[in-house]
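The values are calculated or read from the model by the stated rules, or taken from the named source; none is laboratory data. Remember, it's a predicted structure, so these values are computed and weren't measured experimentally. We place every Cβ from the backbone using ideal geometry, glycine too, and count neighbours over all the protein chains shown. Accessible surface areas use protein heavy atoms only, side chains included; no ligands, DNA or RNA. Shrake-Rupley method; radii C 1.70, N 1.55, O 1.52, S 1.80 Å.
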Amino acid sequence: MGAFNTIAFKPEHCDGCNACMTACATAKTGSADIINSRIQVVADGDTFELALCRQCGDPKCVANCPAAALAKDDASGVIAWDGSKCVNCLLCTVGCAYGGIVYNAAAGHVVKCDSCGGDPACVKACDRGALTYLTTANIYNEVGDLEDLFVPGLAGCQGCNTELIMRHTLRRIGPDTVLATPPGCVPGMGSVGYNGLTGTKVPVFHPLLTNTASMLTGIKRHYKRQGREVNAVALAGDGGTADVGFQSLSGAAERGEQILFICVDNEGYMNTGMQRSGCTPFGAWTSTTPVGERGKGKTQDAKNLPLLMMMHNCEYVATASTAFMEDLYAKLDRAIDASKRGFAYLHIYSPCTTGWRFPSAENIEVARKAVETNFVMLWEFNPRDGLRLSRPLDEPRPIDEYLEALGKYRHLEPEQVGHIEATVRKNVEQIRGLAEGRRAAMA
Amino acid sequence: MSAVLKPKSKAIVCDGNEAAAWAVTLARVDMVAVYPITPQSSLVEYLAKFVADGKLNAEIVDVEGEHSVLSVLHGGVLAGARAYTGTCGPGLAFMFEPYLRTPGMRMPLVMSIVTRDTLTPQSVWGGHQDAMSVREVGWVQMYCETVQEVLDTTIMAYKVAEHRDVMLPVNVCHDGNYLSYGASRVELPTQEEVDAFLPPPSTNWHAALDPSRPMAVDPLTGGSGGPGPALFVRYRKGQCAGMQHALAVIEQAHEDWARIVGRRHAPLVESYRMDDAEVALVTLGSMTGAAKDAVDEARERGTRAGLVKVKTYRPFPVQAIARALSGVRAVGVVDRSVSYGWNCGPLYQDVIGALQFAAQRPAAMSFIGGLAGADITTDHFGRVIERVQALAKDGVVGETVWLNERD
């Protein structure tokens, strides 16, 4: 069975404007009366509850129906109601725990959401971001059958998204791969292994922290010489990429080596005790930029590594976030393809539950806040089309929403927050300028 | 595809850097990584030109520094390539991190050290301080006396490195200035002769990165629990055993080479006029020629002088040295580098260590010369012989003598 698209609701973004219900009622009945809406958003104290068909995988409404009037569509996953078979017994409404199928007096029978054929009117009407149409299930459908090239039981910290990055990227890249994981969290969780045991099913090795791109160069060049198509892939931390690993990275990029280099950026040396790296942002606490009577965290801004790689004119450069997996997958595909022609660089942000000090359940939400506040920007570059924004930078959420989610910024004073705001603004203008420059050049 | 080198065995005139490049070409290496540094630069220029001219069918990787030079070759070797590079001095210092790792990974690659004195004072001239500074890292190190020996040894180095009982990297050391730029007549072996001597490399399946046989290369090993300590010791002991096996393999390689091309070089140590010698010089590298002349002159004066040249420095041929020097009354060891901690030459340290195993142990003194490109002339060696004669008489080991102190 495949996975399906779905409508997701974030009550914290909802202000009860009813636009979704108006849109639904209009789309389905021609009347704007929200009584006819298939989606019902109901105030519940300080928050809102959603009554909407979840298009369940094991739908009780279908099981309860004695007339076979309800059926789940195998292709779309939508539970369809067939009026010609319905006997109006309403047993379906009893089965549904979500208020997703209800009797509508005007219609004279039950009504439910049909996802508008994959383009739901309610989502389009919501300008608060409370409703989103999630299509990420495609990822499962497309790669779910591909072999996970890491063994179960890698020993990452609780809630870390690096393991997610490793498993998702490598299963897509495939088994004809040699994987380099320089010292850091990636091998730290057992991917290369310990005393004779390994966590990886493809050839894997520890390069030095300094020479990942160079070792991959030798591997790739020799296999090419032999006429063999082997992917040379790095999963490296930001220290092994931006700091001590940068010389070999820059050299390989300049030479256009056919390598896919993935930087898992957790903004510091998190594996070895949360020390500062060149990618640590201004103000952040680390164990070498501690907070005390005088110290207030890092006193310099982060090095913008993906931009540096863009300036190498790599075959492909992109930033990605695990809060936006469809985008990540699309970029991964383009990076894999580009690495067959030249150097491909993928920079994936990896909030560190341990080193950034936030609850382990919140990793993806922290990643999302980083993007939605423009602290992290998602874009991609290739030499022909220039830089393209992956999502608009307009109307970011307030930076406080991101900073307050992280213990490493707990000590920030107002002027430090001001500095970070100014840095984000400057970074946004820089990227926007590059993206608009692209459009001008293309026009 | 085979290399297209077609000359019959013939004599050419070339310097040591070109000789090394010819050897690399004849050895059919798959991969060469390049970064220039004086006095090695012309060596990699020759290789780049040989590739451009179609003489050498190798993947040539021009990288951004010596650290990457060796790192690229690590990748190549783990994918099954026969690999080569050369460096010296500051370049060797910069590549120390991957250099340190090479023998532990049992990578049979060959790297020339076109020896150069180390900084500081700033210097671009010859001296053994660079190679000596890395003598305990686990690479096989062989020092050449002549341009011909550079060529022959560089080919033999692959036979040694890739031997299944060795599987270790080899440094072929040839003296900056004196051998790198000194031209002489060289017999060039034919491709057929080299092919008969050196079979294609076979993959070391103990450490290989090939998707057809996935494995983890160099996982964490050691720690205080589980199989860690025993596993780590096994690797270390195996590495030491490989070094010791290299002594016999080097001798066999020299024997095989002599059989095929008709040229015989001493594999571990060369004894020169040692049969009835009372005093002996111990030398390393290109200084040996002048030292042999000085021995001849001393003999003409009636002094029973001899010489022992150390060809293979790591592994140190302890027994061969002990045998060669047993019975002489006094020894002068001439180093082209220093051991700061001992205030003498490093070869001297090794020799007095080896003399513990000599049946009759002679007195030995340390002489240091030829730093930063300085010439060690027959006059210098004549003075060394005189000092060693005095040592033979009184047995009093004096302070280290610095040969170029007043030059």
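Values computed for the structure shown
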| item | result |
| --- | --- |
| Lone unmet requirement of (1) more than 9 Å from every other protein chain (Cβ to nearest Cβ); (2) crowded, with 17+ Cβ neighbours inside 10 Å for B:VAL217 | (1) |
| Test: residue in segment A:264-278 that is within 24 Å of A:PHE343 (Cβ to Cβ) and surrounded by fewer than 24 Cβ atoms within 10 Å (Cβ to Cβ) | yes |
| Criterion (touching a residue at least 12 places away in the same chain (Cβ under 8 Å), in contact with a helix residue (DSSP H, G or I) (Cβ under 9 Å, 6 or more places away or on another chain) and in the same structural domain as A:ASP333 (by TED's automatic domain parsing)) met by exactly one of A:GLU380, A:GLU413, A:GLU365 | A:GLU380 |
| Which listed residue, of A:ASN211, A:ASN231, is over 20 Å from A:ARG357 (Cα atoms), in the same structural domain as A:THR353 (by TED's automatic domain parsing) and touching a residue at least 40 places away in the same chain (Cβ under 8 Å) | A:ASN231 |
| Positions within segment B:89-132 being under 18 Å from B:PRO39 (Cα atoms) and part of a helix (DSSP H, G or I), in sequence order | B:GLY89, B:PRO90, B:GLY91, B:LEU92, B:ALA93, B:PHE94, B:GLN129, B:ASP130, B:ALA131, B:MET132 |
| Residue tally, condition small (Gly, Ala, Ser) and over 20 Å from A:MET166 (Cβ atoms), over segment A:339-360 | 1 |
| Residue check for B:GLY86: in contact with a helix residue (DSSP H, G or I) (Cβ under 9 Å, 6 or more places away or on another chain), under 20 Å from A:ARG221 (Cα atoms), part of a strand (DSSP E or B) and not hydrophobic (A, V, I, L, M, F, W, C) | yes |
| Conditions (1) within 8 Å of another protein chain (Cβ to nearest Cβ); (2) touching a helix residue (DSSP H, G or I) at 6+ places or on another chain (Cβ under 9 Å); (3) open to solvent by less than 10 Å² (accessible area, probe 1.4 Å): number failed by A:LYS220 | (3) |
| Verdict on A:ARG391 being assigned to a loop (DSSP other than H, G, I, E, B), in contact with an Asp or Glu (Cβ under 6 Å, 6 or more places away or on another chain), in the same structural domain as A:ASN271 (by TED's automatic domain parsing) and closer than 30 Å to A:GLY159 by Cβ | no |
| Segment B:369-393 residues that are assigned by TED's automatic domain parsing to the domain that holds B:SER339, paired with ones that are among the acidic types (Asp, Glu) and part of a helix (DSSP H, G or I) (beta carbon under 6 Å, 6 or more apart) | B:THR378/B:ASP293 |
| Of all residues making up segment B:244-301, the number that are part of a helix (DSSP H, G or I), over 16 Å from B:VAL160 (Cβ atoms) and small (Gly, Ala, Ser) | 5 |
| Residue match in segment B:98-121 (condition: of a type in the set (Asp, Glu) and within 9 Å of chain A (Cβ to nearest Cβ)) | no |
| Scope segment A:188-198; condition more than 7 Å from every other protein chain (Cβ to nearest Cβ), surrounded by fewer than 23 Cβ atoms within 10 Å (Cβ to Cβ) and not in a helix (DSSP H, G or I); matching residues | A:MET189, A:GLY190, A:LEU197 |
| Filter result for B:ALA207 (open to solvent by less than 60 Å² (accessible area, probe 1.4 Å), within 27 Å of the chain's Cα centre (by Cα), at the interface with chain A (Cβ under 10 Å from one of its Cβ atoms) and closer than 25 Å to B:TYR158 by Cβ) | yes |
| Pairs, first of a type in the set (Phe, Trp, Tyr) in segment B:48-70, second part of a loop (DSSP other than H, G, I, E, B), C-beta under 6 Å, six or more apart | B:PHE50/B:LEU56 |
| Residue that is under 23 Å from A:GLN275 (Cα atoms), within 13 Å of another protein chain (Cβ to nearest Cβ) and buried (at least 19 other Cβ atoms within 10 Å of the Cβ), where the choices are A:PRO203, A:PRO207 | A:PRO207 |
| Subset tally (residues that are open to solvent by 10 Å² or more (accessible area, probe 1.4 Å) and among the β-branched types (Val, Ile, Thr)) for segment A:137-161 | 2 |
| Residue check for A:ALA23: touching a Cys at 6+ places or on another chain (Cβ under 8 Å), of a type outside the set (Phe, Trp, Tyr) and in contact (Cβ under 8 Å) with a residue 24 or more places away in the chain | yes |
| Residue identified as farther than 19 Å from A:ALA284 by Cα and surrounded by fewer than 16 Cβ atoms within 10 Å (Cβ to Cβ) among A:GLY418, A:GLY386, A:GLY433 | A:GLY433 |
| Members of segment B:90-118 found to be in contact (Cβ under 8 Å) with a residue 60 or more places away in the chain and open to solvent by less than 10 Å² (accessible area, probe 1.4 Å), listed by number | B:THR102, B:PRO103, B:MET107, B:LEU109, B:VAL110, B:MET111, B:SER112, B:ILE113, B:VAL114, B:THR115 |
| Meets criteria (more than 11 Å from chain B (Cβ to nearest Cβ) and open to solvent by 10 Å² or more (accessible area, probe 1.4 Å)) for A:LEU164 | yes |
| Hits in segment B:28-67 (condition: in a helix (DSSP H, G or I), surrounded by 23 or more Cβ atoms within 10 Å (Cβ to Cβ) and either in contact with a Gly (Cβ under 7 Å, 6 or more places away or on another chain) or more than 12 Å from chain A (Cβ to nearest Cβ) (or both)) | B:LEU43, B:VAL44, B:LEU47, B:GLU66 |
| Residue in segment B:253-260 that is in contact with a strand residue (DSSP E or B) (Cβ under 7 Å, 6 or more places away or on another chain), surrounded by 18 or more Cβ atoms within 10 Å (Cβ to Cβ) and either under 30 Å from A:VAL186 (Cβ atoms) or away from chain A (no Cβ under 13 Å) (or both) present | no |
| Positions within segment B:220-247 being in contact (Cβ under 8 Å) with a residue 40 or more places away in the chain, open to solvent by 50 Å² or more (accessible area, probe 1.4 Å) and more than 14 Å from every other protein chain (Cβ to nearest Cβ), in sequence order | B:GLN244, B:HIS245 |
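Each row is one residue, and each column tells you yes or no for (1) surrounded by fewer than 22 Cβ atoms within 10 Å (Cβ to Cβ); (2) closer than 23 Å to B:ASN171 by Cβ.
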{"position": "B:LEU284", "(1), (2)": "no, yes"}
{"position": "B:THR288", "(1), (2)": "no, yes"}
{"position": "B:ASP296", "(1), (2)": "yes, no"}
{"position": "B:ARG304", "(1), (2)": "yes, no"}
{"position": "B:VAL308", "(1), (2)": "no, yes"}
{"position": "B:LYS311", "(1), (2)": "no, yes"}
{"position": "B:VAL318", "(1), (2)": "yes, yes"}
{"position": "B:SER339", "(1), (2)": "yes, yes"}
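Matching residues to (1) in contact with a Lys or Arg (Cβ under 6 Å, 6 or more places away or on another chain); (2) part of a loop (DSSP other than H, G, I, E, B); (3) of a type in the set (A, V, I, L, M, F, W, C):
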| site | (1), (2), (3) |
| --- | --- |
| B:VAL333 | no, no, yes |
| B:TRP342 | no, yes, yes |
| B:ILE352 | no, no, yes |
| B:LEU355 | yes, no, yes |
| B:PHE367 | no, no, yes |
| B:GLY382 | no, no, no |
